[in-house]
Amino acid sequence: MGEPHVISALSNKRAELAGIVSQLERQLGQQRANLAYLDATMRLFDPNIRPNTIRPKQQRARSVWFRPGECLRLIYDELRDAVQPMTARELAERIMRVKAMPVVDDRQRELVQKTILGSLNRAKETIARSETAGLVSWRLI
């Protein structure tokens with residue numbers, strides 16, 4: 001049979017995870033009830049409204065490097081001063097210099113670049129994407 005200390009540790013971990021799942025299920029039930037109450041309140045003001053057609057808003061994790069809206073503002077600042085379209089990597093390196101982040105760390109640069117790409121893709125009305133010879137670059141519209 002298994003080692004008693006291993007079984008004990010695994011049992012404790014299972015109990016912990018089961019507790020988390022139970023708490024999340026309670027929260028989910030409460031949020032579903034809140035949603036039903038909100039839908040009913042909306043129907044009081046507009047009986048023809050169809051709350052199910054309202055698209056859910058995706059919750060995004062906040063960046064540890066940028067305050068809300070700061071990343072996009074820094075992107076605009078860099079693109080405004082650029083003479084030609086810039087790649088996401090160039091933007092990441094410049095913004096990291098502005099924020100006094102170490103540019104030598106490739107992993108951190110990749111993560112900042114991923115954050116910048118997310119902001120670029122959400123700003124379709126003001127920032128244009130262009131591709132030349134397989135190289136994607138960005139410019140202000």
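The values are calculated or read from the model by the stated rules, or taken from the named source; none is laboratory data. Because the structure is predicted, anything quoted here is derived from the model rather than measured. Note that each Cβ is placed from the backbone with ideal geometry, even for glycine, and that neighbours are counted across all protein chains shown. Areas reflect the complete protein model, heavy atoms only, side chains present, ligands, DNA and RNA absent. Shrake-Rupley method; radii C 1.70, N 1.55, O 1.52, S 1.80 Å.
Name the single residue that is nearest to F66 (Cα to Cα) among those in region 100-133 being open to solvent by less than 60 Å² (accessible area, probe 1.4 Å) and more than 20 Å from the chain's Cα centre (by Cα). Applying the filter and picking the extreme gives M101.
One line per residue, one yes/no per condition, for (1) more than 23 Å from P56 (Cβ to Cβ); (2) among the basic types (K, R); (3) open to solvent by less than 90 Å² (accessible area, probe 1.4 Å); (4) touching a helix residue (DSSP H, G or I) at 6+ places or on another chain (Cβ under 6 Å):
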position	(1), (2), (3), (4)
P4	yes, no, no, no
R14	yes, yes, no, no
G29	no, no, yes, no
A40	no, no, yes, no
R43	no, yes, no, no
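Please enumerate the residues belonging to region 124-141 that are farther than 16 Å from E78 by Cα and not hydrophobic (A, V, I, L, M, F, W, C). Selection gives K124, E125, S130, E131, T132, G134. Residues in region 23-76 that are closer than 30 Å to E93 by Cβ and assigned to a loop (DSSP other than H, G, I, E, B): Q58, Q59, R60, A61, R62, S63, V64, W65, F66, R67, P68, G69.
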